[in-house]
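Novice: Dumping the structure here so I can ask a few things about it.
The values are calculated or read from the model by the stated rules, or taken from the named source; none is laboratory data. What you are looking at is a predicted structure, and each value in this text was computed from that prediction instead of being measured. Reconstructed Cβ throughout: ideal geometry from the backbone, glycine too, with neighbour counts over all protein chains shown. Just the protein is used for accessible areas: all its heavy atoms, side chains included, with ligands, DNA and RNA removed. Shrake-Rupley method; radii C 1.70, N 1.55, O 1.52, S 1.80 Å.
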Amino acid sequence: MVVLALVLTAGGYVLASLGGRSASLPANLVPFLIAVVALLGGAHVATRRLAPRADALLLPMAALLNGLGYVFIARLDRDLAGLQALWTALGVGAFVATLLFVRRTRDIERFRYTFALLGIGLLLLPLAPVIGRNINGSRLWVRFAGITFQPGEMAKIALCIFFASYLVEKREVLSLFTRQVGPISVPHVRHLGPLVLAWGASLVVMIAEKDLGSSLLFFALFVSMLWVATDRNVYLAFGGLMFAAGSLFSWKAFAHVQERVQIWHNPWPVANAAGYQIVQALFAFAAGGLFGVGLSHGNPGRIPAVSTDFIFAAIGEELGLFGCGAILLAFLLMIGTGMRIALRAESPFDKLLAAGLTTIFGIQGFIIVGGVTRLVPLTGITLPFVSYGGSSLIANYVLLALLLRVSDDTVVRAERVAA
C-alpha cells in the first residue's frame, strides 16, 4: 500500500505539471518530488525495522495524504513546494526518531509531569514577549533564530501523554458518583476539578491567543479521554454544557469571534470583504461538481491562504466530490484504525494514549473540513498531512509514530502471553 501511495503521488505530480500552462515538468521541482517519494519509502522501511508488528494501514494512508497534499502545494505555489519537501524530511526524521527512542510506551508514562510542564509551556510560549508573533489575528507563533513555528502543535501531543498517564491513576476516583440529582448519578463537585481546569485553560487559549481551533481541540481532547477512562456519559454532558457556556461568553465578549460566527452564518453580505475567503471556497466546490475540473485546470489561487487553511477547497475544485470523498475516506480509515488500536491495547495507558492521539487527529480534520464547507465556524487549524505547514507536519508524524508504537507493543505483549 505504501508503494501504491508513492505511485499515486508521482503520477498526480506529473499530471498536475503537464496540465499547467507550460505543459512541462519544472526541472527545479523534480528533485523535490524524488526526495518526497524517497522519504515516504524510507519511513516504511524504518517502520518495518523498528515496529514490525505495528498496524500496516496507518503509514500508507498518511503517505497518501502527504503525497496528495504535496502535489497540490506544488501546483499552487512552487516556492512552498520546496519548503514542504523540507518539512516532510524533518517530519519523517521525527517519525523515525520517535520509533527509535520510544521503544516501549511505558517508558514515557513515567514522565507525566514533565510532559505536563512541557505541554503547558509550549501552549503558552506564543504569549512570551519578543519571540511571540501575532499572525492573521491569532497569537500562535514563535519566531526564534530566524525560524517561525507553532509550539501548540507539539503541545497537544505532550498534553495527551500527560492526560493518559494522569487518568490511568485517577480513573477509579473519577468514576465514583456519590451524589444523586433526580434519576441521574453525578460525581462529587471536587471530582469536577480537572474538567474545570481544562475548561479554564481552553478559555485562556481562546482569550489570550485568539485561537478558536486550538481551544476547542484541547478541551475536546480532555473530555473525550475522561469519558474513555471512566465510561461515564455525564462527563460528556458536563463538557458539552461548559463548552456551550464558554462559546457564548466568547461570542459576547470578543469582536473577532462575533465576526467569524456571522461569516459562518451568512457570508454573502460581506462576500467582497471578510467573507471573501469562504465564498470563493464555496464557488470552488460548486465548480468542481462530482468529478472536478481536472488537476491544474481549476483556479483555486483566487482563494486566500489556499495552501494552508483552504487546501480542501482546491481539492474539491480540481478533483470534485469524489476526490474530497477519497480524502475523507483516508481520514476515516486512519481514525478507525487508531480506535481499533486503542480497543486492542491491554495496558490502560496504551488504550488511553491511542484514543487520545486518534481524537487529536479526528477533531483536527473535522474542524478544518467543517470550517471550509461551512458546517462549523472557520478556524485556523491545518488539515493533517495535507496542508502546508512545518509545525503541523512534524507533529503529526510524531503522533503517527506513537500510534504505531502502541500497536506494535500490543501485538508483542499478546505474542508473549500466547507463548
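Novice: Take the chain, connect every pair of alpha-carbon atoms lying under 10 Å apart with a spring to form a Gaussian network, then pick out the residue of 261, 36, 173 with the largest mean-square fluctuation.
Specialist: Checking each option, the largest mean-square fluctuation is seen for 173.
Novice: Assign unit charges at the C-beta atoms only (+1 for Lys and Arg, -1 for Asp and Glu), then state the dipole size of the chain relative to its Cα centre in Debye, rounded to the nearest 20.
Specialist: So the dipole magnitude of the chain works out to roughly 560 debye.
Novice: Semi-axes, largest first, in whole Å: what does sqrt of 5 times each Cα gyration tensor eigenvalue give for the chain?
Specialist: One finds semi-axes of 35, 28, 19 Å for the chain.
Novice: Give a quick list of trypsin sites (Lys or Arg not before Pro) in the range 318-398 that DSSP marks as loop, anything other than H, G, I, E or B, with at most 13 other Cβ atoms within 10 Å.
Specialist: Sparse-neighbourhood loop trypsin sites (Lys or Arg not before Pro): none present.
Novice: Could I ask something else about it? Per the Cauchy relation, a quarter of the hull surface: what is the mean projected area of the convex hull of the alpha carbons in the range 233-389, in nm²?
Specialist: For the Cα atoms of the range 233-389, the hull's average projected area reads 11.0 nm².
Novice: Lys and Arg at +1, Asp and Glu at -1: add these up for the other residues within a Cβ distance under 15 Å of residue 92 and post the number.
Specialist: Net of charged neighbours comes to +2.
Novice: Find the relative contact order for the range 262-378 and round it to a whole percent, using C-alpha pairs within less than 8 Å whose residues are 6+ positions apart.
Specialist: 24 percent
Novice: Which of 304, 92, 294 sits farthest toward the positive end of the charge dipole of the chain, with +1 on the Cβ of Lys and Arg and -1 on the Cβ of Asp and Glu?
Specialist: Going by the Cα projections, it comes out as 92.
Novice: I want the local charge near residue 239. Using Cβ-Cβ distances under 15 Å, sum +1 for each Lys or Arg and -1 for each Asp or Glu among the other residues.
Specialist: For residues surrounding residue 239, the net value is 0.
Novice: While we're on this one: In Å², what does the accessible area per residue of the chain work out to with a 1.4 Å probe?
Specialist: Normalised by residue count, the accessible surface of the chain is 45 Å².
Novice: What 222 nm value per residue comes from the helices of the chain, counting each DSSP H run with n ≥ 4 as -39,500 (n - 2.57) and dividing by all residues, nearest 500 deg cm²/dmol?
Specialist: Mean residue ellipticity at 222 nm (helix-derived): -24000 deg cm²/dmol.
Novice: Right, next: What's the ranking of 47-59, 219-231, 244-256 by average number of surrounding C-beta atoms within 10 Å, highest first?
Specialist: Result, highest mean first: 219-231, 47-59, 244-256.
Novice: If you keep only loop residues by DSSP, which trypsin sites (Lys or Arg not before Pro) in the range 74-105 have at most 16 other Cβ atoms within 10 Å of their Cβ?
Specialist: Listed in order of number, the matching sites are 103, 104.
Novice: Counting Lys +1, Arg +1, Asp -1, Glu -1, what net charge surrounds residue 325 among other residues with beta carbon under 15 Å of its beta carbon?
Specialist: In short, -2.
Novice: Can you tell me which of 163, 291, 312 moves the most in a GNM of the chain? Springs connect C-alpha atoms under 10 Å apart.
Specialist: 291
Novice: Give the cross-link partners of residue 156 among the lysines, using a straight C-alpha distance below 21 Å as the criterion and excluding same-chain residues fewer than 8 apart.
Specialist: Cα-Cα hits under 21 Å: 170, 210, 351.
Novice: Assigning unit charges at the beta carbon (Lys, Arg +1; Asp, Glu -1) and nothing else, what dipole magnitude in debye, to the nearest 20, does the range 27-158 show about its Cα centre?
Specialist: About 360 debye.
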